[in-house]
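Reviewing the structure listed below.
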Amino acid sequence: MTATAAPRLSLGPIPYYWPKEQVEHFYAMVADSPADIVYLGETICAKRSQVRFEDWLTIAARLRAAGKEVVLSTLALLEAESELKRLRAICRQDDYLVEANDLGAVQLLRGRPFAVGHSVNVYNHRTLALLAADGCKRWVLPVELTREALAAMQQQRPAGVETEVFAYGRLPLAYSARCFTARARNLPKDDCRDACIDHPDGMVVETQDANPFLALNGIQTQSARTMNLLPALDDLRALDVDILRISPQSQYTGEVLALFHKVRAGELAPAAANEALATLMPTGPCDGYWHGAAGMAALAAA
Amino acid sequence: MELVCPAGNLPSLKAAVDNGADAVYTGFRDDTNARYFAGLNFTASKLAEGIRYAKAKGKRVFIAMNTYPRTDGLPRFEQAVDQAAALGVDALICADIGVLDYAARRQPQLNLHLSVQGSATNDEALRYYHEHFGIKRAVLPRVLSMAQVRHVIEQSPVEIEVFGFGSLCVMVEGRCILSSYATGRSPNTYGACSPASHVAWIETDAGLDTRLGGVLIQRHPKGESVGYPTLCKGSYRTEGRTHHAIEDPVSLNAMALLPELAAAGVAAVKIEGRQRSPVYVKQVTRVWREALDAFARDPVGFAPQPAWTAALAKVSEGAQTTLGPYHRPWQ
């Protein structure tokens, strides 16, 4: 890989519930995109059943054939035995690297190479060292951590471990056993009628003075604003970040990937890309966490 | 079932011990624990005094060290672990893997519990902590149903503690950063949710607005009682409707479930509220002691007495209690 191709670009798992046809259409687009790594699978709610495990494997094979590195991602909140059973099936296969989003998955993957996602709390180098000893090859910076926290981690990063940063997308802020989308529709979770399928980018929560604040995505709460670390690309490179993660949104993900790619390739000035990115976000930007401020703050981001 | 009660200071610790707690959990006076509030928690010497007091009466004292240090903060946490060990504390309640690793290697005599902040909701996660650090107990996040609690206990390699009473987190603890999204400070990084330093009360013609980090989280009409402004319990709009979009301002009271919790094999029941007053600790401890004793005497005939429920309702946040997630039939 040439220096200008660093950092690599990854596409995170689709956090939302999209119809199967939309998912397939989406990954057909991704196959021709500049994404280097693609994370696949349902990470939020086991009740979302349109795309089954076998379907994910089919998509995975197509993406691999298109030259992408494919990683199978896993549920962040594991409660029911049925959820653990599915997790075990994903962890048993060895065609693809698995991303653990819970320590339960780490336990199942110990002794083999695996990645850990942003919902596993890796807040210091001692934690990362222990995960690395178990086989962790890649970790994602928890989204609330700052540039300084990352810098300290990078100085003591174990050999052979890649660092990934959540660089674009609505931020994952919380997980619950309760489904907030169903709650907003006055539906019980066990009869949710797939309420979240009507909200391909989550359901926006506004404050009473009309400030779009959060986005409800089933049992997950996201930020309404979109994290954008493209303006921090020089810092991310200086800190030896290996991979920038872009989190899917229902529209313009291809354009977002293309803009990140053009900037990393030196084909487009960051400021120009930033201006274009701002028009592609459902609500608006934020980047406060990176700078040590409130997460919702927009400091350098468009 | 062990009764584990909160103490944010020495008077609360004594109130818990004197009113029937089997164990009291505390924290140091800094951001090593998830109740880092001004004027709250213990210096090492106060804690030593508290431990002497509790031990003289045959009770145990735990220290919560359940936030997530960044790399530059680790040395401070390591010192705190050493200090807890030197104090002879009965258990150290941790969440961070790095802190657990240090404690297990450097102070192997320490009895380690996994904090609710460790977000363990399944037996595989519990096995991870048990195999790596030899934890003896885990506190489950307040999101599991009774059936799930039962299932986790059946498979768990360690004993299980659950929350029985107090303020209710609807999110998985240790994985909620709503607070830092609005304020820059979260339970994980700073030891406080919706910190008072970032709350503003603003009088308007219509009543009172509550803002957290500048975000309007509650709008109270004139005369309405105003509770502590926790972000997840605010009123927001979804699809044009204003409501408690995330969580109602209610608190947990699982007393009616004591027989089910006991049958499931729960080892300890925890009372939330290190930030609350000694009066709260005394009231709640006394009522729960009575309830546990009544249950021990007559497990079959047990039912919460109206007087207990009334006493607990008086000290509940939002003055309204719920069985929380325990009583949901679904997964």
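Here are a few things to note about the model shown:
- Of the residues B:61, B:81, B:143, the single one that is among the hydrophobic types (A, V, I, L, M, F, W, C) and either modelled with pLDDT under 95 or out of contact with any helix residue (DSSP H, G or I) (no Cβ under 9 Å at 6 or more places or on another chain) (or both) is B:143.
- Complete set of residues in region B:196-228 that are surrounded by fewer than 22 Cβ atoms within 10 Å (Cβ to Cβ), in a loop (DSSP other than H, G, I, E, B) and not charged (D, E, K, R): B:204, B:206, B:214, B:223, B:225, B:226, B:227, B:228
- Matching option when the condition is farther than 30 Å from residue A:134 by Cβ and surrounded by fewer than 16 Cβ atoms within 10 Å (Cβ to Cβ), among B:54, B:44: B:44
- For residue A:167, the stated conditions do not hold, so it cannot be described as buried (at least 24 other Cβ atoms within 10 Å of the Cβ), small (Gly, Ala, Ser), assigned to a strand (DSSP E or B) and within 11 Å of chain B (Cβ to nearest Cβ).
- One residue stands out among those in region B:272-304 that are small (Gly, Ala, Ser) and buried (at least 18 other Cβ atoms within 10 Å of the Cβ): the one that is nearest to residue B:167 (Cα to Cα), which is B:273.
- Search result, residues across region B:248-282 that are under 30 Å from residue A:187 (Cβ atoms) and more than 14 Å from every other protein chain (Cβ to nearest Cβ): B:249, B:251, B:253, B:254, B:255, B:256, B:257, B:260, B:261, B:264, B:272
- Screening A:240, A:235, A:190 for residues that are in contact (Cβ under 8 Å) with a residue 12 or more places away in the chain, in a helix (DSSP H, G or I), acidic (Asp, Glu) and surrounded by fewer than 22 Cβ atoms within 10 Å (Cβ to Cβ) leaves exactly one candidate, A:235.
- The residues listed here are A:263, A:256, A:241; of these, the one that is closer than 26 Å to residue B:182 by Cβ and modelled with pLDDT of 95 or more is A:256.
- One residue stands out in region A:179-210 among those that are in contact with a strand residue (DSSP E or B) (Cβ under 9 Å, 6 or more places away or on another chain) and facing another protein chain (nearest Cβ under 7 Å): the one that is nearest to residue A:18 (Cα to Cα), namely A:203.
- The lone exception for residue A:293 - which of (1) within 14 Å of another protein chain (Cβ to nearest Cβ); (2) touching a residue at least 12 places away in the same chain (Cβ under 8 Å) it fails: (2)
- Of the residues making up region A:233-255, just one is touching a helix residue (DSSP H, G or I) at 6+ places or on another chain (Cβ under 6 Å) and small (Gly, Ala, Ser), namely A:254.
- Residues in region B:104-116 that are within 13 Å of chain A (Cβ to nearest Cβ), over 19 Å from residue B:23 (Cα atoms) and in contact (Cβ under 8 Å) with a residue 12 or more places away in the chain: B:104, B:106.
- Every pair of residues 6+ apart whose Cβ atoms lie under 9 Å, when the first sits in region A:52-76 and is among the acidic types (Asp, Glu) while the second is not in a helix (DSSP H, G or I): A:69/A:8; A:69/A:10; A:69/A:36; A:69/A:37; A:69/A:38; A:69/A:96; A:69/A:97
- Qualifying residue in region A:229-246 (condition: within 14 Å of chain B (Cβ to nearest Cβ) and of a type in the set (D, E, K, R)): no
- The set of residues from region A:94-115 being among the charged types (D, E, K, R) and at pLDDT 95 or above comprises A:95, A:99, A:102, A:110, A:112.
- Across region A:256-270, the qualifying residues are those that are touching a residue at least 24 places away in the same chain (Cβ under 8 Å) and over 19 Å from the mean Cα position of the chain (by Cα), and the one among them that is surrounded by the most Cβ atoms within 10 Å (Cβ to Cβ) is A:264.
- Flag for residue B:310 being surrounded by fewer than 17 Cβ atoms within 10 Å (Cβ to Cβ), modelled with pLDDT under 95 and not in a loop (DSSP other than H, G, I, E, B): yes
- Residue B:245 vs. criteria surrounded by 14 or more Cβ atoms within 10 Å (Cβ to Cβ), at pLDDT below 95, more than 7 Å from chain A (Cβ to nearest Cβ) and not in a strand (DSSP E or B): no
- Which numbered condition residue B:169 misses (of (1) surrounded by fewer than 21 Cβ atoms within 10 Å (Cβ to Cβ); (2) over 20 Å from residue A:124 (Cβ atoms); (3) more than 8 Å from chain A (Cβ to nearest Cβ)): (1)
- Scanning region B:270-289 for residues that are part of a helix (DSSP H, G or I) and touching a Gly at 6+ places or on another chain (Cβ under 8 Å) yields B:280, B:281, B:284, B:285, B:286, B:288, B:289.
- Hits in region B:197-217 (condition: polar (S, T, N, Q) and within 24 Å of the chain's Cα centre (by Cα)): B:197
- Here the condition is being touching a residue at least 24 places away in the same chain (Cβ under 8 Å), closer than 24 Å to residue A:149 by Cβ and within 10 Å of another protein chain (Cβ to nearest Cβ); of B:145, B:179, it holds for B:179 alone.
- Take the conditions (1) among the aliphatic types (A, V, I, L, M); (2) at pLDDT below 95; (3) within 22 Å of residue B:73 (Cα to Cα); residue A:152 misses just one of them, which is (2).
The values are calculated or read from the model by the stated rules, or taken from the named source; none is laboratory data. This is a predicted model, so every value here is computed, not measured. All Cβ positions, glycine included, derive from the backbone under ideal geometry; neighbour counts span all protein chains shown.
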